[in-house]
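Beneath this line is the structure, given in structure tokens, with notes to follow.
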Amino acid sequence: MRNQHHHRLIVGNLFFRYHTLINTACTYGTSAFTTSIGVNTSTTYTQRRRITNTQITMAPPPPSSSSSSSAAASTPAPTKPATAAMATTTAFSSPSPAFQLSNRLNGLDKPTVWHEFSPLASQYGAVNLGQGFPDWDPPQFAIDALNTSIDPSSGRNANQYARSYAHMPLAQVLAEDYTKRLDIGRDIDPSTEVATAVGCTNALFCALQGMIGPGDEVLLLEPAFDVYIAQTQFAGGSPVFVPLRTAETETEAEAEAEESTSNQKKGTRMANDAFTLDLEELENAITDKTKAFILNTPHNPTGKMFTKTEMEGIASIMKRHPQVTIISDEVYEHIVFDKEASPHISMASLPGMYERTLTLSSSGKTFSATGWKVGWAVGPQHLVNAVTAVQQWVNFSAPTPNQDAIAQCLIKAREPYCDESNSNGTGEHYESFYAFVAAEYKRKRGLLVDALVSAGMDPI
């Protein structure tokens with residue numbers, strides 16, 4: 001009999017939709033998958049479409065082992081030695097009753113979900129499907145590049161402060177890449193139209209601090225990366241949510257018939273088809289207080305790639321509302337599984353949109369080096385200045401050796417790449433490192449999809 005809860009698991013960046021709110025850990029074979037599963041319903045979205053800069057309620061951390069002897073007895077022993085990454089969350093208190101955190105931290109001073117789930121994944125040897133970092137090393141050319149950057153004999157001079165805007169070798173490579181990619185009819189100026197930061201998160205923080213003030217509103221497509229909400233509130237703004245609607249393509253009876261006959265079609269539904277953006281709903285959410293729209297494509301956490309038609313529709317709306325700046329988060333731009341049928345499209349590449357768009361990206365996911373924390377912002381000078389004007393008073397610049405190494409990596413990634421890790425020892429050749437990255441993620445996605453289908457789930 002069909003379970004009353006209709007389960008769908010999205011394998012894009014692994015967003016899970018259930019009709020109930022649960023936390024679960026499931027095991028497949030010898031690997032445990034620790035997941036956080038949340039509500040995604042249309043009514044939830046519309047009921048909280050606009051929220052104010054007040055409070056976010058966070059679930060309290062689980063009780064410590066000392067609070068219950070029975071709980072401690074039932075908890076399995078850790079499978080790995082204790083490490084810093086496994087440290088549990090701690091409630092902080094001040095010895096001074098007069099001390100109070102700033103009001104801007106209201107609701108934002110509690111540990112995030114990552115403080116709970118990542119240590120649990122490490123403690124129990126689970127495959128962490130929650131936090132977006134690879135569990136494999138960077139390519140050898142990236143490691144070599146970092147070694148070269150810190151070696152004084154290389155002559156790269158990368159051991160001191162970088163220029164605050166951006167380390168010029170990296171800015172020049174990015175300007176070359178985006179000039180070709182965005183095709184705006186002229187060269188992008190590396191000295192004024194490129195800013196680097198300590199990861200894309202830092203670039204976004206600086207951008208919002210530079211653009212948003214008290215009373216301003218920022219449009220977010222929900223579900224959204226939680227950082228968008230917190231950083232909007234840090235800047236004094238209010239997030240306004242516009243939902244990606246689920247597009248159900250089968251009736252319950254059809255689903256029952258499909259499930260009773262075969263699992264053959266499971267795992268074939270794409271995120272692009274499963275989620276839609278109502279353009280009328282997006283425009284209706286814009287007010288005279290709306291200052292920015294954060295667009296994330298490829299989208300985290302659904303994996304949706306916005307089509308050219310959708311992007312053109314968004315662009316048309318934003319042209320009717322010139323007070324709105326588009327901040328386009330494109331960190332997953334190279335993890336594209338079908339470049340012909342579903343290519344990545346940058347908003348800044350559309351006619352008339354470069355001057356309205358600040359494009360953000362980073363190197364962490366592409367080069368499996370999230371710890372290097374090198375991100376960037378590309379756009380017209382007046383928008384890039386929103387990032388650099390803030391960054392000069394915060395961290396001043398991103399670490400020079402890391403920026404310099406990524407400059408070398410971006411050049412190397414354009415070249416043909418040979419993966420020598422396959423079992424036959426002959427190596428597999430790709431037109432570029434970017435093509436290899438996409439193929440490798442697609443292969444691993446297939447393994448996960450097959451496992452989930454065999455477990456009776458229907459991944460998207």
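The values are calculated or read from the model by the stated rules, or taken from the named source; none is laboratory data. Note that this is a predicted model, so its numbers are computed, not measured. Counting neighbours? That spans all protein chains shown, and the Cβs are built from the backbone with ideal geometry, glycine included. Areas reflect the complete protein model, heavy atoms only, side chains present, ligands, DNA and RNA absent. Shrake-Rupley method; radii C 1.70, N 1.55, O 1.52, S 1.80 Å.
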**Request:** Restricting attention to region 304-340, report how many residues are in a loop (DSSP other than H, G, I, E, B) and open to solvent by 10 Å² or more (accessible area, probe 1.4 Å).
**Result:** 16
**Item:** Flag if Asp137 is open to solvent by 50 Å² or more (accessible area, probe 1.4 Å), farther than 26 Å from Thr359 by Cα and among the acidic types (Asp, Glu)
**Value:** yes
**Message:** When you scan region 87-100, do you find a residue that is in a loop (DSSP other than H, G, I, E, B) and touching a His at 6+ places or on another chain (Cβ under 6 Å), even just one?
**Reply:** yes
**Asked** Does region 154-173 contain at least one residue that is over 29 Å from Phe225 (Cα atoms), among the polar types (S, T, N, Q) and either part of a helix (DSSP H, G or I) or in contact with a Pro (Cβ under 6 Å, 6 or more places away or on another chain) (or both)?
**Response** yes
**Asked** Within the group Pro190, Pro169, which residue is open to solvent by less than 60 Å² (accessible area, probe 1.4 Å) and touching a residue at least 40 places away in the same chain (Cβ under 8 Å)?
**Response** Pro169
**Asked** Gln391 passes all but one of (1) polar (S, T, N, Q); (2) open to solvent by less than 10 Å² (accessible area, probe 1.4 Å); (3) modelled with pLDDT under 95; which number fails?
**Response** (3)
**Request:** Inspect region 414-429 for any residue being surrounded by 18 or more Cβ atoms within 10 Å (Cβ to Cβ) and within 24 Å of the chain's Cα centre (by Cα) and give the result as yes or no.
**Result:** no
**Item:** Residue under evaluation His382, criteria (1) under 30 Å from Ala207 (Cα atoms); (2) out of contact with any helix residue (DSSP H, G or I) (no Cβ under 7 Å at 6 or more places or on another chain); (3) assigned to a loop (DSSP other than H, G, I, E, B), criterion not met
**Value:** (3)
**Prompt:** Can you name the residue in region 118-162 that is small (Gly, Ala, Ser) and within 24 Å of the chain's Cα centre (by Cα) and is also nearest to Asn402 (Cα to Cα) among such residues?
**Reply:** Ala142
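Table: residues versus (1) closer than 16 Å to Ile184 by Cβ; (2) open to solvent by 20 Å² or more (accessible area, probe 1.4 Å); (3) without any contact (Cβ under 8 Å) to a residue 24 or more places away in the chain.
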site: Ser342; (1), (2), (3): no, yes, no
site: Ala348; (1), (2), (3): yes, no, no
site: Leu358; (1), (2), (3): yes, no, no
site: Trp372; (1), (2), (3): no, yes, no
site: Gln381; (1), (2), (3): yes, yes, no
